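Heads up: the structure comes next, in structure tokens.
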Amino acid sequence: MIIRISFILSLIGYIFSVKGILNDCWPGADEVMKATDFNIIIAGQAGQGLNTISGLLLKTLTKGGWHVYASQNYMSRVRGGHNFMNIRISQSPVFSTPAGANMLVALDQRSVDEHLRRLEDPAVVVYDMESVKPAQGANGTIWAGAPLLKLAKENGGVIYQNSVALGGIMALLGVGLTDLSGVFSKRFSKNRKVLEDNVRAAKAGFDYMTSINGHFNFMPTLPQREKRLLMNGAEAMGLGMIAGGLRFVAAYPMSPSTGVFTYIAEKAARVGIIAEQAEDEIAAINMAIGASAAGARSATMTSGGGLALMVEGVSLAGIMETPLVIADLQRPGPATGLPTRTGQEDLDFVLSLGHGEFPRFIFAPGTVEETFYTSAAAMNLADKYQVPVFILGDQLLVDSYSTLDKLDIPKIRNENYLISNEHLGKEPYLRYRFTETGVSPRAYFGQAGTHFISDCHVHEEDGHISEDAEISSKMAEKRFRKLIGMKNEPYGPKYYGPEKAQVALVCWGSTYGAVKETVDNFGQEGGGLGMVHFNRIWPFPGEDTLEILRGCKKIFVVENNIQGQFNRLLRRETGIRTEEPILRYDGRPFSVQFITQEILTRLA
């Protein structure tokens, strides 16, 4: 296979550049070539209102009909430390963060020092003239300074500095203030003065940036404004669980899982859910198991360290055959590791988690939209097969925002898998009756017309403890007969790319976006590059995988860990020969540039 090196080199230089913005046209230019793909970094110290600016900007752009993708980078401390948000704007759906940026909004001096090297040539830096100094020798960088603090004081007070900055950004992007004013109106509808001050401050920033810098309409006018949803992965996971019939959730806060729990807790009273913040992870999982045994669809969420404490509870759910959904939002490193960074280091752990043997599902959705549907399906599948269901995510997945065209709520089908009262009392009820599918009829604690035992020991069909060798073997076989049906459930591997790709990139979970865009940018060169993304990791879809990868000459697994955990699983389950995997394990997500450079190096 021949790979054109020149093509790949030109690809690296192409990605996300904003062509035609020339340093000599600043200030006073009348028009700048417009960008159809634009990346903004908003950076500053914790406590400077970075989330406020980012959130309002995202909502404004979404309201204007743009596709956006935003990823957060924040320190594991309440105050202090350098935080930043990447906001990518496009006319078409985007799912990853580029390595470079076209605009930097610097809320302090460190933001300039930290991110100047990431800026494209040319790029724009928006900063407060009183607190930030332009860097020397930054060729192609346009320094759009404004007295943000002074304008804020003149238009409501210091707290409106962020609104002044937002107005300046709107002027540079060329998208006007109408949508921003609409977002302000919704956000501050209960306080008219605050609303008016915000609008006035934003207009001051807009007018100032326009008056000194001309008309830099970086974003082209959209042919039509589509109505879209803006959602992050934590919200999608929480909403998916709610759509899947969640009735009880218990958790102990642990980043990056906390956002999922707080989202559900905020909606709990409205939709009839009990949300309990437990004293620790052991209590959380045991509460969830108890609620599930009482008939309520239940879930818990944590990260690796918290999941380690839950291990005995997972085994309890396994032998009790009690449905349970467990979201493990991974963080890098053992112990506390990197609490607010991203990684995919828990796969081996979750595959074998728990003592003894029992079946389980493991899912790893790749996008915000897929997270919603997968989380809803997890609630149903836990009930259907009476097994623990794991959803593997990470900080990138749950903290990243994405625009969606819609969510098909009617697509979610919640079936009742509990035995009905009319089928009880006619014959002795056997909670663990041997069946062909391995799934026994399930009643719940306190259900009228029956009583039964659920115990942590090996048990007979009626739940009573047994040490009989034959009973022990039959119960193990019964549990694992469930795999026959589980293997046929959806969310198997999906292929994306040319029909007969010679090279395949295999990925799972949140690496979806960067890998997909790499495939798109690669085109048909050298026979093309394809992608295989795995959401359902276990039971492993071996036959489907073999069918998809048949004919590929080179297979590279892309994942965020040092050992190539999925690469080993793929080879073990299929016998497929893969190349040395493409790995990243510094707590940062993959970029298209990172993956492209690796492909360039390996296929040269």
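The values are calculated or read from the model by the stated rules, or taken from the named source; none is laboratory data. Just so it is clear, the structure is predicted and the values come from calculations on it, not from any experiment. Cβ: placed from backbone, ideal geometry, glycine included. Neighbour counts: every protein chain shown. Accessible surface is based on the protein model in full, side chains and every heavy atom, while ligands, DNA and RNA are left aside. Shrake-Rupley method; radii C 1.70, N 1.55, O 1.52, S 1.80 Å.
Quickly run through the stretch 225-258 and pick out the residues that are of a type in the set (Gly, Ala, Ser) and surrounded by 24 or more Cβ atoms within 10 Å (Cβ to Cβ).
Correct list: Gly233, Ala234, Ala236, Gly238, Gly240, Gly244, Ala250, Ala251, Ser257.
Open to solvent by 20 Å² or more (accessible area, probe 1.4 Å), modelled with pLDDT of 95 or more and assigned to a loop (DSSP other than H, G, I, E, B) - does that describe any residue in the stretch 211-224?
Scanning the stretch 211-224, I find no residue that is open to solvent by 20 Å² or more (accessible area, probe 1.4 Å), modelled with pLDDT of 95 or more and assigned to a loop (DSSP other than H, G, I, E, B), so the answer is no.
Note down all Cβ pairs under 6 Å where the first residue falls in the stretch 584-604 and is at positive phi, the second is not acidic (Asp, Glu), and they're at least six residues apart or on different chains.
Short answer, once both residue conditions are applied: Gly587/Pro332; Gly587/Leu338; Gly587/Arg341.
Which of the residues belonging to the stretch 561-588 are open to solvent by less than 40 Å² (accessible area, probe 1.4 Å), in a loop (DSSP other than H, G, I, E, B), in contact with a strand residue (DSSP E or B) (Cβ under 7 Å, 6 or more places away or on another chain) and not charged (D, E, K, R)?
Asn561, Gly564, Ile576, Thr578, Pro581
Taking Gly551 as meeting all but one of (1) at pLDDT below 95; (2) outside any loop (DSSP other than H, G, I, E, B), write down the number of the exception.
The failed condition is (2).
Residue check: is Gly81 more than 25 Å from Phe206 (Cα to Cα) and either over 24 Å from the mean Cα position of the chain (by Cα) or open to solvent by less than 50 Å² (accessible area, probe 1.4 Å) (or both)?
Yes; evaluated as a whole, the condition is true for this residue.
Pairs only if they're at least six apart or on different chains, beta carbon under 8 angstrom, first in the stretch 254-273 and within 19 Å of Arg77 (Cβ to Cβ), second open to solvent by 30 Å² or more (accessible area, probe 1.4 Å) and among the acidic types (Asp, Glu); list them, first residue then second.
Cβ pairs passing all conditions: Gly259/Glu235.
Open to solvent by 10 Å² or more (accessible area, probe 1.4 Å), part of a loop (DSSP other than H, G, I, E, B) and not β-branched (Val, Ile, Thr): which single residue out of Ala308, Ala335 fits that description?
Ala335
Of these, Ile391, Ile326, which one is touching a residue at least 40 places away in the same chain (Cβ under 8 Å), surrounded by 24 or more Cβ atoms within 10 Å (Cβ to Cβ), touching a strand residue (DSSP E or B) at 6+ places or on another chain (Cβ under 8 Å) and under 20 Å from Met231 (Cα atoms)?
After applying the criteria, what remains is Ile391.
Which residue is farthest from Ser315 (Cα to Cα), if the candidates are limited to the stretch 457-471 and must be open to solvent by less than 80 Å² (accessible area, probe 1.4 Å) and within 41 Å of the chain's Cα centre (by Cα)?
Gly463
Looking only at the stretch 155-176, which residues are open to solvent by 40 Å² or more (accessible area, probe 1.4 Å) and of a type outside the set (S, T, N, Q)?
Answer for the stretch 155-176, where residues must be open to solvent by 40 Å² or more (accessible area, probe 1.4 Å) and of a type outside the set (S, T, N, Q): Gly156, Val158, Ile159, Val175.
Just to be sure I understand, how many residues within the stretch 259-285 are under 19 Å from Leu309 (Cβ atoms), open to solvent by 10 Å² or more (accessible area, probe 1.4 Å) and outside any strand (DSSP E or B)?
Result for the stretch 259-285: 6.
Determine the pairs where a residue that is closer than 19 Å to Gly65 by Cα, located within the stretch 401-412, has a partner that is open to solvent by 90 Å² or more (accessible area, probe 1.4 Å) and not in a strand (DSSP E or B) with Cβ atoms under 9 Å apart, the partner being 6 or more residues away or on another chain.
Between residues of the stretch 401-412 that are closer than 19 Å to Gly65 by Cα and residues that are open to solvent by 90 Å² or more (accessible area, probe 1.4 Å) and not in a strand (DSSP E or B), the close pairs are Asp405/Lys227; Lys406/Lys227.
Of everything in the stretch 102-126, what is touching a helix residue (DSSP H, G or I) at 6+ places or on another chain (Cβ under 7 Å) and open to solvent by 20 Å² or more (accessible area, probe 1.4 Å)? Give them in sequence order.
If the condition is that a residue be touching a helix residue (DSSP H, G or I) at 6+ places or on another chain (Cβ under 7 Å) and open to solvent by 20 Å² or more (accessible area, probe 1.4 Å), then Leu107 is the only one that fits.
Out of (1) farther than 30 Å from Leu57 by Cα; (2) open to solvent by less than 30 Å² (accessible area, probe 1.4 Å); (3) in a helix (DSSP H, G or I); (4) not aliphatic (A, V, I, L, M), the odd one out for Gly354 is which?
Just one mismatch for Gly354, condition (3).
Among the residues of the stretch 419-436, write down those that are surrounded by 12 or more Cβ atoms within 10 Å (Cβ to Cβ) and more than 25 Å from Glu312 (Cβ to Cβ).
Selection gives Ile419, Asn421, His423, Leu424, Tyr429, Leu430, Arg433, Phe434, Thr435.
Does Lys186 satisfy being modelled with pLDDT of 90 or more and surrounded by fewer than 16 Cβ atoms within 10 Å (Cβ to Cβ)?
yes
Against the definition (farther than 18 Å from Leu396 by Cβ and within 22 Å of the chain's Cα centre (by Cα)), how does Gly492 come out, yes or no?
Here the answer is yes, as Gly492 does meet what is asked.
Could you run through the stretch 485-524 and say how many residues are modelled with pLDDT under 95 and surrounded by fewer than 16 Cβ atoms within 10 Å (Cβ to Cβ)?
7
Evaluate the stretch 228-244: report whether one residue or more is over 30 Å from Asp280 (Cα atoms), assigned to a loop (DSSP other than H, G, I, E, B) and not β-branched (Val, Ile, Thr).
yes
Based on this model, can you work out whether Phe594 counts as open to solvent by 20 Å² or more (accessible area, probe 1.4 Å) and outside any loop (DSSP other than H, G, I, E, B)?
Criteria met by Phe594.
Looking at Ser131, Ser96, can you tell me which residue is over 31 Å from the mean Cα position of the chain (by Cα) and of a type in the set (Ser, Thr, Tyr)?
Going through Ser131, Ser96 in turn, the sole match is Ser131.
Kindly list the number of the only condition in (1) closer than 27 Å to Cys552 by Cβ; (2) small (Gly, Ala, Ser); (3) at pLDDT 95 or above that fails for Ala476.
Against the list (1) closer than 27 Å to Cys552 by Cβ; (2) small (Gly, Ala, Ser); (3) at pLDDT 95 or above, Ala476 comes up short only on (1).
In this structure, is Phe452 aromatic (Phe, Trp, Tyr), part of a loop (DSSP other than H, G, I, E, B) and modelled with pLDDT of 95 or more?
Answer is no for this residue.
Of everything in the stretch 133-154, what is surrounded by fewer than 21 Cβ atoms within 10 Å (Cβ to Cβ) and either touching a Gly at 6+ places or on another chain (Cβ under 9 Å) or closer than 15 Å to Gly168 by Cα (or both)? Give them in sequence order.
Once the filter is applied, which keeps residues that are surrounded by fewer than 21 Cβ atoms within 10 Å (Cβ to Cβ) and either touching a Gly at 6+ places or on another chain (Cβ under 9 Å) or closer than 15 Å to Gly168 by Cα (or both), the stretch 133-154 yields Pro134, Trp143, Gly145, Pro147, Leu149, Lys150.
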